[in-house]
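Visitor: Quick one: this structure, given as structure tokens, is what I'll be asking you about.
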Amino acid sequence: MATGSEHSSSLCLHHVSPADRQEVARKASSVLHAGGRFICGDIFRAAEDWEERILTASWVKGMKREGAPDEVIEGMLRQRAGRLPEISTITDFRRSLLAAGFERTWVPFTHGFVGLAAGMMSTHSK
């Protein structure tokens, strides 16, 4: 990972283990300059089962409205169900950014399963 002021990740961390996500956050924090930012747009799970059911129903409705075949929707739902215990909530991911050394974290966007989380390093030199 190159050093710099910004690094980003998009739709990939939900495919790896929680330990690997934490390692990515640690590596990002170790290479960023003072004031640098790490931005992650990814798939997250709901914190509560009832909320997950609501988000899933909304997602299925949207996929059907856009013409996705039932077998594709069912396959994606099976995949999500199998990975759900490994997928972070957005709150858990923010905590992992703080644990990795980011001074500030925020979530500027969420919609359904998708969220954007960011961490900023201290503005003081390491």
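Where a number appears in this text, it was derived from the coordinates with a stated rule and is not lab data. Just so you know, these numbers come straight off a predicted model, no measurement behind them. Positions of Cβ are backbone-derived with ideal geometry, glycine not excepted, and every protein chain shown enters the neighbour counts.
Visitor: Using a Gaussian network model of the chain with C-alpha springs under 10 Å, which one of L116, L11, L97 is most mobile by mean-square fluctuation?
Guide: Taking springs between Cα atoms under 10 Å, the residue moving most is L11.
Visitor: Which of V114, W50, F38 sits closest to the plus end of the dipole of the chain, meaning its Cα is farthest towards the positive end, when Lys and Arg get +1 and Asp and Glu get -1 on the C-beta?
Guide: Of the options given, the answer is F38.
Visitor: How big is the chain on each of its three principal axes, counting only the C-alpha atoms and giving the largest first in Å?
Guide: 52, 24, 22
Visitor: Here's something else I'd like to know. When DSSP assigns beta bridges and you keep just the ones with both residues in the chain, what percent turn out antiparallel, to the nearest 5?
Guide: Details: 13 of 19 bridges.
In the chain, DSSP labels about 70 percent of beta bridges as antiparallel.
Visitor: Go through the stretch 31-76 and name the GluC sites (Glu not before Pro) that are in a DSSP coil and have 11 or fewer other Cβ atoms within 10 Å of their Cβ.
Guide: Working: sites: E48, E51, E52, E66, E71, E74; in loops: E48, E66.
Hits after loop and neighbour filter: E48, E66.
Visitor: Next question, about the same structure. Rank S30, S58, S17 by mean-square fluctuation in a GNM of the chain with C-alpha springs under 10 angstrom and give only the top-ranked residue.
Guide: Evaluated over the chain, the most mobile residue of the options is S58.
Visitor: Which whole-angstrom value gives the distance between the alpha carbon centres of the stretch 1-55 and the stretch 73-126?
Guide: Rounded to whole Å, the Cα centres lie 5 Å apart.
Visitor: Return the single residue from I87, I39, I54 with maximal mean-square fluctuation; model: Gaussian network over the chain, springs between Cα atoms under 10 Å.
Guide: I54
Visitor: Using only Cα atoms, tell me the angle between helix 49-65 and the longest principal axis of the chain; keep it within 0 to 90° and round to the nearest 10.
Guide: That works out to roughly 70 degrees.
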